[in-house]
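K.L.:
Can you read through this structure? Questions will come right after.
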Amino acid sequence: MDFDLSDDQRLLKESVDRLIADQYKFEQRKKYLTEPKGWSDAVYAQLAELGLLGLTFEETLGGFGGGPVETMIVMEAFGRGLVLEPFFPTVILGGGLLRRAGSPGLLGGLAPAITAGKLKLAFAHIERHSRYDLGDVATTARKEGGAWLLNGAKSLVLHGDTADKIFVTARTSGAQRDRDGVGLFLIDANAPGVSRRGYFNQDRLRAAEITLSNVRVSGDGVLGESMLPTIEHVIDEAIAALCAEAVGAMQVMHDTTLDYMKTRKQFGRTIGSFQVLQHRSVDMLVALEQARSMAMFAAVMAAEENPIERKRAIAAAKAQIGRSGHLIGEEAVQIHGGIGMTNEYSVGHSFKRMTMIGQMYGDADAHLAVLASLGGLFGKAA
């Protein structure tokens, strides 16, 4: 398999790396956190100027026409910078749902606004009881005339407090955990009956609790009454993107730790000269390269239409990412000592983001269980 980047992909990588180097130094990120939205409008406008907000949309819609590999390139760079802006919920989650479930008219109407940075999306799916089960949906959708009325509550809606439109899942039929009957709807964030409470997650990215009370949806806002397979595909693509972001965060933790070992002195010697710490830094490198390989595998398989083969690859990658991230984060913090835990130093922030990625859409143990149920990476499903 050829892992070399094309000329266009190399140009994309260079431009994104330059943006992160220029605009996302650690002190700059701390400044962005103090802005009213918890992220920078100016940086988001730069993402639009570079065409990154149209990364997954076709060129006919004003997009970049990129695929999973281009997404991997961008997300790995964003992981190094710990980017705060709502790229992931708007472009990866929202854009994925729009491309796979939206009508041509809806896609054509919204994609240019997303690409221009004028429209931000969010995906309200997780509920307090659902944990990692995408089919566990208690929010209801009841048909009334030509419209649907949505009632329920959603948790951990990424950047849900600043989104302009929100994709919402709601049960149109069946029991709470049935795979059939999970409908998908698109609502205005300020529609009557929608209430939002925003907050910072532990990684300092924004999220929101959203309550729906008789929210009326009709027309193009109704994307389908049984959409779980489509949602699962979009989530698999999102997990592949998160794996790439995690590799970026792990790379920074590893590099920062190596630099620290070369300068920090103990007993008159740099701590990097101690053999036991050299062994631990090698363990970090091995874990990083294992994670990088699996993130690349996930990117290659993210567009796979066979759900079993795709799920095997994504589950294996997410399990490895979770374990590698835990090892690298722990070693980085311990080798740094007390400074590694402070808000004034970058390592702790990278570890917090890595911890959040490890839990999103299933931790390592949950994905190992999924992989086992499918007979392993190359086996037959049970």
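The values are calculated or read from the model by the stated rules, or taken from the named source; none is laboratory data. Not measured: the values here are computed from a predicted model. Here the Cβ positions follow ideal geometry from the backbone for every residue, glycine too, while neighbour counts run over all protein chains shown.
Residue-wise test of (1) assigned by TED's automatic domain parsing to the domain that holds residue 367; (2) buried (at least 18 other Cβ atoms within 10 Å of the Cβ); (3) aliphatic (A, V, I, L, M).
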site: 270; (1), (2), (3): yes, no, no
site: 290; (1), (2), (3): yes, no, no
site: 296; (1), (2), (3): yes, yes, yes
site: 299; (1), (2), (3): yes, yes, yes
site: 307; (1), (2), (3): yes, no, no
site: 310; (1), (2), (3): yes, yes, no
site: 313; (1), (2), (3): yes, yes, yes
site: 320; (1), (2), (3): yes, yes, no
site: 324; (1), (2), (3): yes, yes, no
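K.L.:
A further question on this structure: So for segment 219-241 (the condition being out of contact with any helix residue (DSSP H, G or I) (no Cβ under 7 Å at 6 or more places or on another chain) and modelled with pLDDT under 95), does at least one residue qualify?
P.N.:
yes
K.L.:
Now, a different point. Tally the residues that are under 26 Å from the mean Cα position of the chain (by Cα) and crowded, with 18+ Cβ neighbours inside 10 Å, restricting the search to segment 137-149.
P.N.:
2
K.L.:
Identify the residue in segment 344-359 that is of a type in the set (D, E, K, R) and surrounded by fewer than 23 Cβ atoms within 10 Å (Cβ to Cβ) and, among all such residues, is modelled with the lowest pLDDT.
P.N.:
Across segment 344-359, the extreme among qualifying residues is 344.
K.L.:
From the list 97, 12, 106, 82, exactly one residue is buried (at least 17 other Cβ atoms within 10 Å of the Cβ) and under 22 Å from residue 230 (Cβ atoms). Which is it?
P.N.:
Going through 97, 12, 106, 82 in turn, the sole match is 97.
K.L.:
List every residue pair whose Cβ atoms sit under 6 Å apart, with the two residues 6 or more apart in sequence or on different chains, where the first one lies in segment 34-60 and is within 24 Å of residue 196 (Cα to Cα) and the second, anywhere, is aliphatic (A, V, I, L, M) and at pLDDT 95 or above.
P.N.:
From residues that are within 24 Å of residue 196 (Cα to Cα), the pairs are 39/84.
K.L.:
Cβ-Cβ below 7 Å, separation at least six or inter-chain, first residue in segment 342-353 and over 11 Å from residue 27 (Cα atoms) and assigned to a helix (DSSP H, G or I), second modelled with pLDDT of 90 or more and of a type in the set (Gly, Ala, Ser): which pairs?
P.N.:
Hits for this filter: 347/332; 350/249; 351/329; 351/332; 353/249.
K.L.:
For segment 356-372, state whether one or more residues are among the small types (Gly, Ala, Ser), part of a helix (DSSP H, G or I) and free of Cβ contacts under 8 Å to residues at least 12 places away in the same chain.
P.N.:
Within segment 356-372, one or more residues are among the small types (Gly, Ala, Ser), part of a helix (DSSP H, G or I) and free of Cβ contacts under 8 Å to residues at least 12 places away in the same chain.
K.L.:
Could you please find all residues in segment 51-63 being within 23 Å of residue 304 (Cα to Cα) and surrounded by fewer than 23 Cβ atoms within 10 Å (Cβ to Cβ)?
P.N.:
58, 59, 63, listed by residue number.
K.L.:
Also, quick follow-up: Somewhere in segment 150-162, is a residue in a loop (DSSP other than H, G, I, E, B), over 17 Å from the mean Cα position of the chain (by Cα) and over 25 Å from residue 359 (Cα atoms)?
P.N.:
no
K.L.:
Here is a further query. So, in segment 256-288, exactly how many residues are outside any helix (DSSP H, G or I) and either at positive phi or under 32 Å from the mean Cα position of the chain (by Cα) (or both)?
P.N.:
Within segment 256-288, residues that are outside any helix (DSSP H, G or I) and either at positive phi or under 32 Å from the mean Cα position of the chain (by Cα) (or both) number 2.
Here's the yes/no breakdown for (1) without any contact (Cβ under 8 Å) to a residue 12 or more places away in the chain; (2) part of a loop (DSSP other than H, G, I, E, B); (3) within 18 Å of the chain's Cα centre (by Cα):
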position: 300; (1), (2), (3): no, no, yes
position: 303; (1), (2), (3): no, yes, yes
position: 326; (1), (2), (3): no, no, yes
position: 331; (1), (2), (3): no, no, no
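K.L.:
Further question on the same structure: Identify all residues within segment 114-130 that are of a type in the set (S, T, N, Q) and in contact with a helix residue (DSSP H, G or I) (Cβ under 6 Å, 6 or more places away or on another chain); write none if there are none.
P.N.:
The one that is of a type in the set (S, T, N, Q) and in contact with a helix residue (DSSP H, G or I) (Cβ under 6 Å, 6 or more places away or on another chain): 115.
K.L.:
With the structure loaded, tell me whether residue 95 is under 14 Å from residue 205 (Cβ atoms) and part of a helix (DSSP H, G or I) or whether it fails that test.
P.N.:
Here the answer is no, as residue 95 does not meet what is asked.
K.L.:
If you take the residues in segment 59-92 that are part of a helix (DSSP H, G or I) and small (Gly, Ala, Ser), which one is nearest to the chain's Cα centre (by Cα)?
P.N.:
For segment 59-92, the residue satisfying everything is 79.
K.L.:
Residues of segment 354-382 being out of contact with any helix residue (DSSP H, G or I) (no Cβ under 8 Å at 6 or more places or on another chain), assigned by TED's automatic domain parsing to the domain that holds residue 246 and either closer than 30 Å to residue 25 by Cβ or of a type in the set (Lys, Arg) (or both), which ones?
P.N.:
356, 359
K.L.:
How about segment 331-343: which of its residues are farther than 13 Å from residue 261 by Cβ and surrounded by 15 or more Cβ atoms within 10 Å (Cβ to Cβ)?
P.N.:
333
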